[in-house]
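**Q** Dropping a structure here in structure tokens format, bear with me for questions.
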Ligand code: UDP
Ligand code: MG
């Protein structure tokens, strides 16, 4: 059983992998960490470039490097779940392959872990490496998520963190399929501390996220984190019903006092349009949840494994969820 499992989801990262392993090995061999044994679990999330060959090369030359190949691209969160499932360390550290999560931070993580924290979470002290739009949209997301969800999430915390075996086991006991790791990491709780860092830009290659993907990711997060958007319609409906009642009263009184006046097209069409769109929004939100209920009920696995290399003869080879 290694002390530290590094979990690395990789999707078309051939350009950065050499540099990634060089920096990671250097950190593992450093004075502060050389007494710890490492395991590096890479998840090849359906890469179409030379990523698979590079991982194979490293797994052959270094027994610490193991990898799982998915049958196609299943997304970063599914990769993380697979990594956590297959890893066997006393603690696990999920990190990106593009060196945006600096391996040098592992030393600080481990020091905090030794102090007794079960979760050591890396939090970005600034987001200068992001565009203005990305900064603003992510700020909005965190604000909204924290306002509506059952458990608030620290701002600017990604998946880069150290979690102890206890936390890994707690995460593995969750059976949900529409996974949003950021939320789940936070949901399980345990004694947590944060470490600040400056997130560098990508070493090379390009990001796998566009705004449409991020929007859907945010929806996943919110629907997984809270049912408030579903429940709020009782209150929206009650408020508008009260307002309509007041308005109806006003109309009746006005008709009694001032007699019938037919014109009223503007107010009529405005209210029809307004309530029509409110209902459509409500239906859309139901749709978001019902779609996810379908996914849960279908119970498909989160990922399909093509092959695993470096995990030895243990039964973990064929494990799937
Ligand atoms: N990734 C993955 N599957 C995907 C998309 C991304 O495994 O479908 C990996 C990717 O290789 C990288 C990490 O997730 O190691 C973060 O991706 P990226 O750097 O593109 O995201 P960003 O840092 O821009 O948010
Ligand atoms: Mg990145």
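Read-outs: derived from the displayed coordinates by stated rules, not from any lab. Just so it is clear, the structure is predicted and the values come from calculations on it, not from any experiment. Virtual Cβ from ideal backbone geometry, glycine too; neighbours counted across all protein chains shown.
**Q** Run the numbers on the chain and let me know its relative contact order in percent, using alpha-carbon pairs under 8 Å that are six or more apart.
**A** Relative contact order here is 23 percent.
**Q** For the chain, find the longest principal axis of its Cα atoms and tell me its angle to the long axis of helix 14-28, 0 to 90°, nearest 10.
**A** The answer is roughly 60 degrees.
**Q** Once both axes come from the Cα atoms, what is the angle between helix 211-225 and the longest principal axis of the chain, in degrees from 0 to 90, rounded to 10?
**A** Long axis of 211-225 versus the principal axis of the chain: about 80 degrees.
**Q** Compute the separation of the alpha-carbon centres of region 115-144 and region 164-179 and state it in Å as a whole number.
**A** Value for the Cα centre distance between the two parts: 22 Å.
**Q** Same structure again: Starting from the Cα of residue 258, step 7 Å along the direction of its Cβ; do the same at residue 294; then give the gap between the two resulting points in nm.
**A** Taking the simple label geometry, residue 258 and residue 294 are separated by 5.0 nm.
**Q** At q = 0.07, 0.10 Å⁻¹, what is the log10 ratio I(q)/I(0) for the chain, with the Debye formula run over Cα points and no solvent?
**A** -0.37, -0.64
**Q** Taking the mean number of other Cβ atoms within 10 Å as a proxy for protection, how do you rank 130-139, 214-223 from highest to lowest?
**A** 214-223, 130-139
**Q** Expressed as a rounded percentage, what relative contact order does region 20-86 have, with Cα pairs under 8 Å and six or more residues apart?
**A** 36 percent.
**Q** Let me ask something else about it. Order these peptides, 251-258, 87-94, by their mean beta-carbon neighbour count within 10 angstrom, highest first.
**A** So the peptides 251-258, 87-94, ranked by packing, come out 87-94, 251-258.
**Q** Modelled label-to-label distance, residue 190 and residue 278, 7 Å Cα→beta-carbon offset: nm?
**A** Going by the 7 Å Cα→Cβ label model, 4.5 nm.
**Q** Taking only Cα atoms, what is the 0 to 90° angle, nearest 10, from helix 51-61's long axis to the longest principal axis of the chain?
**A** 30
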